[in-house]
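Worksheet: the structure to be examined is printed underneath.
The values are calculated or read from the model by the stated rules, or taken from the named source; none is laboratory data. Because the structure is predicted, anything quoted here is derived from the model rather than measured. Cβ placement follows ideal geometry from the backbone for every residue including glycine, while neighbour counts extend to all protein chains displayed.
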Amino acid sequence: MDSNIIKLVKEIKRIAVVGCSRHSYKPAYYVPEYMQNEGYTIIPVNPNALGKTILGEGVFQSLRDMPHSVDMINIFRPSDQCLEVLQSIINLETKPKLIWMQLGIQNQKAKVLAEQYNIPLVMNKCLMVEHRKMDNNY
């Protein structure tokens, strides 16, 4: 893992989770839960869970509906939907410091867009697994 990414993950506080799940058996629930237990603030984004809570937090329909900025956006959406997510990210008033696409999620066009806006992007890695490695090795 790039040392700049490790530094960013250790510095951030607020993570928006696009595609955060209400179902505890899904990675889109237990990965953000792990990060919450590690002291990060989780902001769930899931239009299908609007009006509900996930991990004790109110759910937002979209990134633009969040009333505050976030340091990282963690994406749990199919690869073919990531470009659309990135387009919504670049339209935010305050850009995140880091974008993270979970294990199995990759989109080269989204990566190019993130690079154009100088936002570091990690693809195809599990945030929970990588965070545990950071704690043990860095």
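Tabulated results
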read-out: Qualifying residue in segment 11-22 (condition: touching a residue at least 60 places away in the same chain (Cβ under 8 Å), surrounded by fewer than 13 Cβ atoms within 10 Å (Cβ to Cβ) and closer than 18 Å to Lys97 by Cα); value: yes
read-out: Residue match in segment 79-86 (condition: assigned to a strand (DSSP E or B) and at pLDDT 95 or above); value: no
read-out: Options Ile105, Ile99: the member that is surrounded by 13 or more Cβ atoms within 10 Å (Cβ to Cβ) and closer than 19 Å to Lys7 by Cβ; value: Ile99
read-out: Test result for Ile42, in a loop (DSSP other than H, G, I, E, B) and modelled with pLDDT of 95 or more; value: no
read-out: Members of segment 90-111 found to be at pLDDT 95 or above, outside any loop (DSSP other than H, G, I, E, B) and more than 11 Å from the chain's Cα centre (by Cα), listed by number; value: Gln108, Lys109, Ala110, Lys111
read-out: In segment 125-138, the residues that are of a type in the set (Asp, Glu) and touching a residue at least 60 places away in the same chain (Cβ under 8 Å); value: Glu130
read-out: Hits in segment 95-124 - residues which are of a type outside the set (Val, Ile, Thr) and in contact (Cβ under 8 Å) with a residue 40 or more places away in the chain; value: Pro96, Lys97, Leu98, Gln102, Leu103, Pro120
read-out: Residues located in segment 56-88, provided they are in contact (Cβ under 8 Å) with a residue 24 or more places away in the chain, surrounded by fewer than 20 Cβ atoms within 10 Å (Cβ to Cβ), of a type outside the set (Ser, Thr, Tyr) and touching a strand residue (DSSP E or B) at 6+ places or on another chain (Cβ under 7 Å); value: Leu63, Met66, Asp71, Arg77
